[in-house]
Amino acid sequence: MSTTYNFCAGPAMLPTAVMQQAQAEFLDWHGLGCSVMEISHRSKEFIAVAEQAEQDLRTLLNVPKDYAVLFGHGGGRGQFSAVPLNLAQQHESAAFLTSGSWSAGAYQEAQKYLNAIELVTSSSVNGQVTVPHLSLDKEQQQRFAYLHYCANETVEGVEINCLPEAGSVPLVADMSSNILSKNIDVSKFGVIYAGAQKNIGPSGLAVVLVNNDLLDKGRDSTPSFLNYQNMAKNGSMYNTPPTYAWYLAGLVFRWLLNSGGVAAIEQQNQQKANLLYQCIDQSDFYRNHVHPDFRSRMNVVFHLPNPDLDSLFLAEAEKNGLRALKGHRIVGGMRASIYNAMPLIGVATLTEFMQEFARKHG
Ligand SMILES: *Cc1c(COP(=O)(O)O)cnc(C)c1O
């Protein structure tokens with residue numbers, strides 16, 4: 001098998017070492033004679049897997065003791081519904097910062113469940129996407145049950161590094177595509193959630209960190225399997241959790257810890273992103289339309305000078321073992337998703353290919 005680098009935005013590549021370990025113990029997990037997929041979620045063996053994963057995640061993100069860590073169903077979008085249903089009543093208002101497709105999706109879904117107000121939205125200034133800084137004033141802090149934003153817009157390649165200032169209002173972040181990519185101060189957030197399939201594990205799983213003070217804000221009508229308090233009370237086992245995804249997430253957390261933790265991967269992520277953005281900026285061929293302050297370190301979007309070249313670029317990339325570079329249909333062009341699992345050599349191989357392609361077609 002020749003080397004393939006998979007730049008898919010999600011479900012994304014997982015660390016090779018993790019896939020190898022999962023393969024090695026696929027049929028016989030820890031001498032049980034069966035897969036970890038085939039045992040009860042209530043068995044002492046699986047509970048040990050689940051607790052270790054939670055503990056490792058707490059260590060990696062330095063999660064304060066007064067936060068619940070939940071492993072649930074429904075991915076990122078499941079939380080678009082779960083957040084309003086858990087944090088506010090129907091008559092209440094919540095504030096939204098929209099910086100791209102995913103935060104707009106969360107805003108739209110929340111409108112079904114409460115009074116959702118869009119306060120700030122990204123815009124294009126001199127051909128570059130920027131996101132205005134948001135700071136809630138006193139009156140707004142009285143009015144809103146929470147403030148929602150998306151820390152990394154996977155589609156547009158827009159990342160917000162400077163936190164919105166919510167004051168006394170709980171800050172809620174969709175970190176589906178950048179959780180564990182860099183150090184964060186969890187105590188600044190009311191809720192952090194992530195669909196797993198970008199930086200954690202297989203799709204379907206949702207990881208939620210929630211401040212215990214918010215656990216009693218949900219509605220009586222909130223579906224029990226999405227109810228944070230109910231999930232916390234039951235150790236995320238009110239219904240059968242996605243056990244295999246949880247196990248794989250645990251292997252990824254272990255891999256991260258063994259690779260030096262979040263600080264080490266953050267450094268590597270910065271290196272990878274620098275390499276790719278430099279390649280784009282130093283050419284007259286490729287273009288990126290995001291203001292440097294908001295460029296995503298996880299999803300690097302770029303355009304060729306002429307969209308007619310896109311299919312040739314993709315075909316040649318594929319021949320060189322560089323797969324899934326096609327941009328999202330909303331944005332067009334190319335997108336290289338370079339999550340934690342993508343090694344530096346994968347990005348270096350991509351930039352060499354890009355330079356070569358630009359020389360031939362520029
Ligand atoms: C992928 C993604 C989602 C949606 O996740 P699903 O598991 O498909 O529901 C939500 N938000 C962000 C930022 C994403 O990247």
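Bear in mind these aren't lab numbers, they're just calculated from the coordinates by the rules spelled out. A quick note: this is a predicted structure, and the numbers were derived from the prediction, not measured. Note that each Cβ is placed from the backbone with ideal geometry, even for glycine, and that neighbours are counted across all protein chains shown.
Give me the distance between the Cα centres of segment 203-242 and segment 272-309, rounded to whole Å.
A separation of 39 Å, based on Cα centres.
Normalised by the residues of segment 128-237, what does the relative contact order come to in percent, with Cα pairs under 8 Å and at least six apart? Walk me through the intermediate numbers first.
Values: 140 pairs, mean separation 18.7, N = 110.
Answer for segment 128-237 is 17 percent.
Which percent, to the nearest 5, of DSSP beta bridges fully inside the chain are antiparallel? The partial results should precede the final answer.
Working: 24 of 44 bridges.
Expressed as a percentage, antiparallel bridges in the chain total about 55.
Taking neighbour counts of Cβ atoms within 10 Å as a proxy for exposure, in what order, fewest first, do 291, 133 appear? Provide the component values of the computation, followed by the final result.
Working: 291 17, 133 12.
Fewest-to-most ranking of 291, 133: 133, 291.
Below 13 angstrom from the Cβ of residue 4, what's the summed charge of the other residues (Lys, Arg +1; Asp, Glu -1)?
Numbers: positive: 319, 323; negative: 318.
Result for the local shell: +1.
At q = 0.21 Å⁻¹, work out log10 I(q)/I(0) for segment 300-362 with the Debye formula, treating every Cα as an identical point scatterer and leaving solvent out; two decimals please.
With one equal scatterer per Cα and no solvent, log10 I(q)/I(0) is -0.85.
Which value, to two decimals, describes the C-alpha radius of gyration of the chain once divided by 2.2 N^0.38 Å? Could the numbers behind the result be given before it?
Numbers: Rg = 20.9 Å, N = 362, 2.2 N^0.38 = 20.6 Å.
The value comes to 1.01.
Taking a threshold of 19 Å on the Cα-Cα distance, which of the pairs 182/233; 65/188; 198/326; 65/233; 182/217 fall above it?
Details: 182/233 29 Å; 65/188 14 Å; 198/326 16 Å; 65/233 15 Å; 182/217 29 Å.
With Cα atoms farther than 19 Å apart: 182/233; 182/217.
For segment 20-104, what ratio Rg/Rh do Cα atoms give with a Kirkwood hydrodynamic radius? Walk me through the numbers on the way to the answer.
Details: Rg = 18.3 Å, Rh = 16.6 Å.
Taking Rg over the Kirkwood Rh, I get 1.11.
Just want to confirm a number: the relative contact order over the chain, from Cα pairs under 8 angstrom separated by 6+ residues, in percent. Display every interim value, and only then the final one.
Values: 688 pairs, mean separation 86.5, N = 362.
Dividing the mean separation by the residue count of the chain yields 24 percent.
What ranking of 153, 352 emerges when the number of other C-beta atoms within 10 Å of each C-beta is taken as an exposure proxy, fewest first? Please report the intermediate quantities before stating the final value.
Working: 153 30, 352 13.
Least to most surrounded, the residues fall as 352, 153.
Show the residues, 5+ positions off or on another chain, whose built amide H is closer than 5 Å to the amide H of residue 326.
335
How about residue 112: which aspartates and glutamates have a C-alpha closer than 19 Å to its C-alpha, ignoring those fewer than 8 places off in the same chain?
92, 174, 220
Fewest Cβ neighbours within 10 Å first, please rank 8, 279, 150 accordingly. List each step's numbers first, then the result.
Details: 8 17, 279 22, 150 30.
Ascending number of Cβ neighbours within 10 Å: 8, 279, 150.
Please report the base-10 log of the normalised intensity I(q)/I(0) for segment 57-129, using a Debye sum with one equal scatterer per alpha carbon and no solvent, at each q in 0.17, 0.22, 0.25, 0.28 (1/Å).
Debye curve over Cα of segment 57-129, log10 I(q)/I(0) at q = 0.17, 0.22, 0.25, 0.28 Å⁻¹: -0.80, -0.99, -1.07, -1.17.
Sort 216-226, 105-115 by the packing proxy (mean of other Cβ within 10 Å over each peptide's residues), most packed first.
On the way: 216-226: 14.8, 105-115: 18.5.
Most protected by this proxy first, the peptides run 105-115, 216-226.
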